[in-house]
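Working notes, structure below.
The values are calculated or read from the model by the stated rules, or taken from the named source; none is laboratory data. Computed from a prediction, not measured in an experiment: that's the story for all the values here. Please note: Cβ atoms are built from the backbone with ideal geometry, for glycine as well, and neighbour counts cover all protein chains shown. Just so you know, the surface numbers come from the protein's heavy atoms only, side chains and all, with ligands and any DNA or RNA stripped out. Shrake-Rupley method; radii C 1.70, N 1.55, O 1.52, S 1.80 Å.
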Amino acid sequence: MLRNIIWDVDGTLFDTYPAIAQAFKAALNDFGIEASLDWIEGLAKKSLDYCASALADKYQLNEEDIGQAFGEHYDHTPPEEQPPFPGVKALCKYICSIGGKNVIVTHRGHEGTAELLAANHMTPYFAGCLARDDGYPKKPDPTAFEAILKTHDLNREETLAVGDRDIDILAGQAAGLFTCLFGSETEGVIADLTVSSFEELYRYIVSTSK
């Protein structure tokens, strides 16, 4: 039976990549540069650092300047423009209803994560969060997963790790967890379960409790 979920935030709990890409595009505009939003979003899905580095290399800009300009634009992006994916809230609520726990391991900071949760009235559904501020090695290193399992006394065999990138799946696998990929964009990494919607994951988790 699966009763706990370790969630990723960007691209998993919340549909943030369009807003992130828009902020990078606005940052480029500050330097008089135009670029495709879809292309920028593809870079951002790898990581924000990768996106900033790739843009700096392509347009011969200073990476720190791009990162700073991005941050200024993104900080003004309201949470309402970064909604939870359909089915997320219902699944989080179900996990709580069966006595399980939702927790977060993310490369996003605590403040930004808390703002998204609060704006969507989701804070009560989460028992804890490990974020960039906590200083753990980034995924796919499983150290943060191991820490949150211990802190919240989560039974490894009852805990699912869900994310939209290969690093989420690799971290979950290294921690010995059942893994779920949301979407299909990975580089040869095979999760235990792949879903295209959280309604699909909801049905699967319900089925494991029967």
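Key figures for this structure:
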read-out: Residues of the range 89-118 satisfying the condition of being open to solvent by less than 40 Å² (accessible area, probe 1.4 Å) and either closer than 22 Å to LYS46 by Cα or small (Gly, Ala, Ser) (or both); value: GLY100, ILE104, VAL105, THR106, ARG108, GLY109, GLY112, THR113, LEU116
read-out: Hits in the range 119-146 (condition: open to solvent by 30 Å² or more (accessible area, probe 1.4 Å) and in a helix (DSSP H, G or I)); value: ALA119, THR123, PRO124, TYR125, ARG132, ASP133, ASP134, THR143, GLU146
read-out: Hits in the range 14-49 (condition: within 13 Å of HIS107 (Cβ to Cβ), crowded, with 22+ Cβ neighbours inside 10 Å and in contact (Cβ under 8 Å) with a residue 60 or more places away in the chain); value: THR16
read-out: Scope the range 182-198; condition touching a Leu at 6+ places or on another chain (Cβ under 7 Å) and within 19 Å of ASP141 (Cα to Cα); matching residues; value: VAL189, ALA191
read-out: Of all residues in the range 165-210 being assigned to a loop (DSSP other than H, G, I, E, B) and of a type in the set (Asp, Glu), the one that is modelled with the highest pLDDT; value: ASP192
read-out: Considering residues of the range 71-87 that are open to solvent by less than 50 Å² (accessible area, probe 1.4 Å) and touching a strand residue (DSSP E or B) at 6+ places or on another chain (Cβ under 8 Å) only, the residue nearest to SER197 (Cα to Cα); value: PHE85
read-out: Hey, ASP75 more than 30 Å from LEU177 (Cα to Cα) and of a type in the set (Asp, Glu) or not; value: yes
